[in-house]
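Data first, discussion second: the structure below is written as structure tokens.
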Amino acid sequence: MARSFGLSRRFSAADQLQKPVPAITVPVQPLPPGSAGRATAAQLGIADPDPITFFVIGDHGGVKAPGPQNAVSYAMQRREGAPAFVYSVGDWVYFGGDEAGWDTQVYEPYGHLDVPLVGIPGNHDDQYGGDPPFDPSRGPLDGWMANMSTPKPEVPPADPQLEYGRYTQTQPWCDWTLQLAAATIVGVYTNVPSGGHLDQSQIDWISAELKAARSDLPVIVTLHHPPYSVDLHHGGSQAMGAALDSAFTSSGRWPDLVLTGHVHDFQSFSRKTQARTVRYVVIGNSGYHNLHQLAHDASPGMDLGGGVTLEYGDASEYGFLALTVGAGKISGEYIGVKPGTMPDGSDAQVTPGKFKF
């Protein structure tokens, strides 16, 4: 677990819930070439039953210590009933999304997970999410786009021999909507600055996608930087909360679920609005080794004001989220994972049902 250096005595859950963007931060980066779009399950090689079950992971690149990532991958493989796909809320390749990292942080650890991988990028999937010096010849999200958004399935540049049997994915762009028979998933890239950033065009696009989504199906919105978090490292993003609220209000459609990462633990919040109660989930403990501690006073059922309640938090281990959507409803199960001693994760301790909704 990450050391707090006394922060647990200084900051409460309420202090951390939503924080303004720091004055000194990484500059907003250009978006990659292309434009937002939609994709059906069939276009991405996804089986699309109704109801459908899929897994959600975040912050899973095992750059320094592959054990936790391999343990979570192994836990997903041995889960009874294979998911239709795995959806990532970002930070696939630490620390700056370089092409070489796709071999060891994506293709190899998920080589035996025989389902499509889809999702959105996080701040570390762009080179400016890493450390200088930066390479001026690289483009925005270049590694991520080359592996997740190609016109057709291709042999990955990082796995030229196709050793792991996975071709590149054909998502429309870094902002895109997945149209399933049971639900609509609207995903958006929140750039690299601390606290995230959305251009107004991206906010308008979210609003338009919510308006266009089928009214009889649940809607899930995904982004990397969380609007709410009671961890001691990052905290929640006031900017992301305001941006989403703007899109939700202007569209007249509030989602059923908001999925985020960035913070390396698991948290679930419920938020009562005039329109409906919305669940906000942080799932950022799926492989990167450094976990983020929760505030000392964070506890289930805690009223954080503004209609927001902390339902559950776990910074003790790694994990993933299993979602099932059908008949207009979303159910979720958080599965905890503790690595053992085997590098491949095969002796991981897996705890199903740590939290359900």
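Any residue at all in the stretch 331-345 that is in a strand (DSSP E or B) and more than 28 Å from Pro109 (Cα to Cα)? Let's see the steps before the verdict.
Narrowing the stretch 331-345 to residues in a strand (DSSP E or B): 331-338.
This time we only want the ones that are more than 28 Å from Pro109 (Cα to Cα), so: none.
No: zero hits.
Every residue, every condition in (1) part of a loop (DSSP other than H, G, I, E, B); (2) among the charged types (D, E, K, R); (3) out of contact with any strand residue (DSSP E or B) (no Cβ under 8 Å at 6 or more places or on another chain), yes or no:
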position	(1), (2), (3)
Asp15	no, yes, yes
Ile24	yes, no, yes
Asp48	yes, yes, no
Phe54	no, no, no
Lys64	yes, yes, yes
Tyr94	yes, no, yes
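Here is a yes/no grid of residues against (1) β-branched (Val, Ile, Thr); (2) out of contact with any Asp or Glu (no Cβ under 9 Å at 6 or more places or on another chain):
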| residue | (1), (2) |
| --- | --- |
| Asn123 | no, no |
| Gly130 | no, no |
| Lys152 | no, yes |
| Leu178 | no, yes |
| Val192 | yes, no |
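Of the residues that sit in the stretch 152-190 and are more than 25 Å from Phe54 (Cα to Cα) and touching a helix residue (DSSP H, G or I) at 6+ places or on another chain (Cβ under 7 Å), which one is surrounded by the most Cβ atoms within 10 Å (Cβ to Cβ)?
Taking the candidates together, the pick is Ala158.
Looking at the stretch 303-336 only, could you name the residues that are among the acidic types (Asp, Glu), over 14 Å from Arg279 (Cα atoms) and in contact (Cβ under 8 Å) with a residue 40 or more places away in the chain?
Asp314
Out of all the residues in the stretch 129-144, which are under 17 Å from the mean Cα position of the chain (by Cα) and either of a type in the set (Gly, Ala, Ser) or open to solvent by 30 Å² or more (accessible area, probe 1.4 Å) (or both)? Step through it out loud before you land on a result.
Of all residues in the stretch 129-144, those under 17 Å from the mean Cα position of the chain (by Cα) come to 129, 141, 144.
Passing the criteria: only Gly129.
Within the stretch 248-265, which residues are buried (at least 24 other Cβ atoms within 10 Å of the Cβ) and more than 22 Å from Val325 (Cα to Cα)?
Listed by number, the residues that qualify are His262, Val263, His264, Asp265.
Of everything in the stretch 32-46, what is over 15 Å from Pro121 (Cβ atoms), of a type in the set (A, V, I, L, M) and assigned to a loop (DSSP other than H, G, I, E, B)? Give them in sequence order.
Correct list: Ala41, Ile46.
For the list (1) surrounded by 24 or more Cβ atoms within 10 Å (Cβ to Cβ); (2) assigned to a helix (DSSP H, G or I), I need the number of the one condition that Gly196 fails.
Among (1) surrounded by 24 or more Cβ atoms within 10 Å (Cβ to Cβ); (2) assigned to a helix (DSSP H, G or I), Gly196 violates only (2).
Would you say Ile206 is crowded, with 21+ Cβ neighbours inside 10 Å and within 22 Å of Gln29 (Cβ to Cβ)? Reasoning before the result, please.
Values: crowded, with 21+ Cβ neighbours inside 10 Å: yes; within 22 Å of Gln29 (Cβ to Cβ): yes.
So Ile206 passes the test.
Name, by its number, the condition in (1) touching a strand residue (DSSP E or B) at 6+ places or on another chain (Cβ under 8 Å); (2) closer than 30 Å to Ala65 by Cβ that does not hold for His233.
(1)
Go through the residues of the stretch 238-245 one by one and say whether even a single one is charged (D, E, K, R), surrounded by fewer than 21 Cβ atoms within 10 Å (Cβ to Cβ) and farther than 24 Å from Ser194 by Cα.
In the first step, residues of the stretch 238-245 are kept if they are charged (D, E, K, R); the result is 245.
Those still in the list that are surrounded by fewer than 21 Cβ atoms within 10 Å (Cβ to Cβ) too: 245.
So of that shortlist, the ones also farther than 24 Å from Ser194 by Cα come out as none.
No, there is no match, as no residue in the stretch 238-245 is charged (D, E, K, R), surrounded by fewer than 21 Cβ atoms within 10 Å (Cβ to Cβ) and farther than 24 Å from Ser194 by Cα.
With Gln29, Gln43, Gln18 as the choices, which residue is more than 30 Å from Tyr312 (Cβ to Cβ), polar (S, T, N, Q) and buried (at least 16 other Cβ atoms within 10 Å of the Cβ)? Give the steps one after another, and end with the answer.
On the way: Gln43 fails: buried (at least 16 other Cβ atoms within 10 Å of the Cβ); Gln18 fails: more than 30 Å from Tyr312 (Cβ to Cβ).
It is Gln29.
Mind listing whichever residues of the stretch 287-317 are assigned to a strand (DSSP E or B), open to solvent by less than 30 Å² (accessible area, probe 1.4 Å) and touching a helix residue (DSSP H, G or I) at 6+ places or on another chain (Cβ under 7 Å)?
Leu310
Within the stretch 337-351, can you find the residues that are surrounded by 14 or more Cβ atoms within 10 Å (Cβ to Cβ) and free of Cβ contacts under 8 Å to residues at least 60 places away in the same chain?
Listed by number, the list holds a single entry, Thr351.
Exactly one condition in (1) at pLDDT below 95; (2) part of a helix (DSSP H, G or I) is not met by Thr104; state its number.
All conditions are met except number (1).
The values are calculated or read from the model by the stated rules, or taken from the named source; none is laboratory data. Computed from a predicted structure; not experimentally measured. Note: ideal-geometry Cβ built from the backbone for every residue, glycine included; neighbour counts use all protein chains shown. The accessibility values were calculated without ligands, DNA or RNA, using every heavy atom of the protein model including side chains. Shrake-Rupley method; radii C 1.70, N 1.55, O 1.52, S 1.80 Å.
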